[in-house]
Amino acid sequence: MRRLNLEGPGSVRVVIAPDSFKGSLPATAVCAAIEEGVRRALPDADVVRVPMADGGEGTLDCILGATGGEEIGMTVAGPLRWPVRARYLLSSDGRSAVIELASASGLPLLAGGTDALRADTTGTGELIADALRRGARDVLVCIGGSASTDGGSGLLRALGVRFEAADGTELPPGGVHLANLERIDMSGVAEAVGETRFKIACDVTNPLVGPEGAAAVFGPQKGATPDEVVRLDQALHRFGDVLARDFGVRVHDLPGAGAAGGTCGGMVAILGAEPVRGCELVAETVGLPAALDGADLVITGEGRLDRQSAAGKVVSQVARLAKERGVPAVALAGEIVHPIGELHDIGLTAALSIADGPRTLPDMTESAASLLAAAAEQAVRLRLA
């Protein structure tokens, strides 16, 4: 096992590149806690903090911290159309924008009660529309953490797209009503929309429909009952059929089309959006590859580590980049669910739980910073052995 070199020139370089611990600490706070632990073992370490995200919640803050720009706040329609405060990032030159769907249409905004059939993404579309009015023509939409299964129809509606039933009436908001979709009217879409390049950052590869689709896999997380999952899947099937007929793009089985309740599929077909792996995009934007050059150790982490973490999560991306450079990579997590052998194959050296004994989830959440620091100290001491 490669040891940290304390005898060569210069100090030991430790890169800290975790995701947020959702419901507990943002990635910046996770970095701070880990650094505290690193310095207990190595007071003179050269520590480089690189907060990470996977294209979902927290991505905007990571990009803002790395690139700067103007944070724009505004009131938009929440998932069930009550007003919420949301924000997005406009670049310093005003030409590009980063939109975080969770800010306007995220699951935590449903604290007052869920409605899986009728929740939609209108507020996210309002953020995009505002960015276009300000001149942005390069828009990245980060779509993790959604509260809806509407195929992105609310987002598209806010950009001027009209979804109509057979009698010509406009469909009400909500994914369930897509079952009655007959026609998509683009006449109200502003010219700026067609001039804009859209990218979608996501961390899942689920198709739009079927047993691995948006409704079946993610619907229950958003409050959908088994019967509602079936209805939403049928509605998305109809949505996909009309998209294929009118736009010539079949998204039923497209990997990633089911992300954010099908938002990815709707944006790909109607806006020509390009899906990108959120972790890869964030890593490049925040400069993680360069930070890892010459590093002696990288510490990453996320709230829960399991076999799914190998598929597009922060830990997997950090491990891959570390392996390419021969840098040992250690992951800290609130919970580790085995098997995680695929993560080791990718490049993860070791995974350590921050739990120090039996604890309740609220207790773990409240104590996350101190637990992270303690685990980080032990990880570094192990590499010194």
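Quick notes on this one:
- Charged side chains reduced to their Cβ positions (Lys and Arg at +1, Asp and Glu at -1) give the chain a dipole of some 400 debye around its Cα centre.
- Shown here is the pair-distance distribution of the range 211-260: with all Cα-Cα distances grouped in 10 Å bins from zero up to the longest one, the shares run 27, 51, 20, 2 percent.
- Here the range 41-72 and the range 182-261 have alpha carbon centers that stand 31 Å from each other.
- In the chain, helical runs assigned H by DSSP with n ≥ 4 each contribute -39500 (n - 2.57); averaged across all residues and rounded to the nearest 500, the mean residue ellipticity at 222 nm is -10500 deg cm²/dmol.
- Gyration tensor verdict on the range 125-223 (Cα atoms; rounded if a/c is under 1.5, prolate if a/b is larger than b/c, oblate otherwise): oblate
- Note on K222: lysines with a C-alpha under 18 Å away, same-chain residues under 8 apart excluded, are K22.
- Antiparallel DSSP beta bridges within the chain, percent to nearest 5: 35 percent
- Note: relative contact order over the range 168-286, using C-alpha pairs below 8 Å and six or more positions apart, is 33 percent.
- 20 Å cut-off, amide nitrogen to a point 7 angstrom out along D185 Cα→Cβ, residues in the range 257-297: 270-271
- Counting only aspartates and glutamates at least 8 places from K313 when in the same chain, those with an alpha carbon closer than 13 Å to its own are D19, D54, E57, D203, E280, E302, E342.
- Positive-end extreme of charge dipole, the range 165-301 - chosen from L271, T300, G168 (charges on Cβ): G168
- Taken over the chain, the convex hull of the Cα atoms encloses 138 Å³ per residue.
- Cα pair distances exceeding 18 angstrom across the range 150-296, given as percent: 57 percent
- Note on the chain: with neighbouring protein chains present and a 1.4 Å probe, carbon and sulfur make up 51 percent of its accessible heavy-atom surface.
- Rounded if a/c under 1.5, otherwise prolate or oblate - the range 36-124, Cα gyration tensor axes: oblate
- Per residue, the chain exposes 40 Å² of solvent-accessible protein surface, assessed with a 1.4 angstrom probe and all protein chains in place.
- Counted charge near Q234, where neighbours are those whose Cβ lies closer than 13 Å (Asp, Glu -1; Lys, Arg +1): -2
- Exposed loop sites were defined as GluC sites (Glu not before Pro) in DSSP loop states (anything but H, G, I, E or B) carrying at most 12 other C-beta atoms within 10 Å; in the chain the longest segment without such a site runs 196-385.
- When both the range 338-359 and the range 114-146 are represented by their alpha-carbon centers, they are found 35 Å apart.
The values are calculated or read from the model by the stated rules, or taken from the named source; none is laboratory data. Given the structure is predicted, the values throughout are model-derived calculations rather than measurements. In this analysis, Cβ positions are derived from the backbone assuming ideal geometry, glycine residues included, and neighbour counts consider all displayed protein chains. Just so you know, the surface numbers come from the protein's heavy atoms only, side chains and all, with ligands and any DNA or RNA stripped out. Shrake-Rupley method; radii C 1.70, N 1.55, O 1.52, S 1.80 Å.
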